[in-house]
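Each remark here refers to the structure printed beneath this line.
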Amino acid sequence: MVQSLLICWLAYLALGDPLLKNNRVFGYSPFAADVSALACGYFVWASYVSLKYMHLFGVGFALHGLASLAVFTYGFVFPPEFSVVEGGLMF
């Protein structure tokens, strides 16, 4: 719980990062990348725990962890040109 609150607070701080404000689509900020890496770490842990204790948490919680991990990892693996922007896929 502490890590998720920390990530939310750091993500709020990243919203004011001038490197991201200058270029909202293709901008890069080392601070924002660190916050995304922390979020990926959290979702790796959450996925592991929810899969290990699926009989307690249910399938929905496990799918939430795995889907969230996929979304945050997507930002590291693919360049911004492959992101969905304004309803279309940019190439």
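The values are calculated or read from the model by the stated rules, or taken from the named source; none is laboratory data. Since the structure is predicted, the reported quantities are computational estimates derived from the model, not experimental observations. Cβ placement follows ideal geometry from the backbone for every residue including glycine, while neighbour counts extend to all protein chains displayed.
Are any of the residues in region 70-85 at pLDDT below 85, part of a helix (DSSP H, G or I), in contact with a Phe, Trp or Tyr (Cβ under 8 Å, 6 or more places away or on another chain) and exposed (fewer than 13 other Cβ atoms within 10 Å of the Cβ)?
For region 70-85, residues at pLDDT below 85, part of a helix (DSSP H, G or I), in contact with a Phe, Trp or Tyr (Cβ under 8 Å, 6 or more places away or on another chain) and exposed (fewer than 13 other Cβ atoms within 10 Å of the Cβ): present.
Name every residue in region 1-59 that is at pLDDT 85 or above and charged (D, E, K, R), in order of residue number.
The answer is D17, D34, K52.
Quick grid of which residues meet (1) surrounded by 14 or more Cβ atoms within 10 Å (Cβ to Cβ); (2) among the hydrophobic types (A, V, I, L, M, F, W, C); (3) more than 22 Å from L66 (Cβ to Cβ):
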site: D17; (1), (2), (3): yes, no, yes
site: N23; (1), (2), (3): no, no, yes
site: D34; (1), (2), (3): no, no, yes
site: L38; (1), (2), (3): yes, yes, no
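Which residue pairs have Cβ atoms closer than 7 Å, lie 6 or more positions apart in sequence or on different chains, and pair a first residue in region 8-36 that is closer than 15 Å to F72 by Cβ with a second residue that is among the hydroxyl-bearing types (S, T, Y) and modelled with pLDDT under 85?
From residues that are closer than 15 Å to F72 by Cβ, the pairs are A14/S29.
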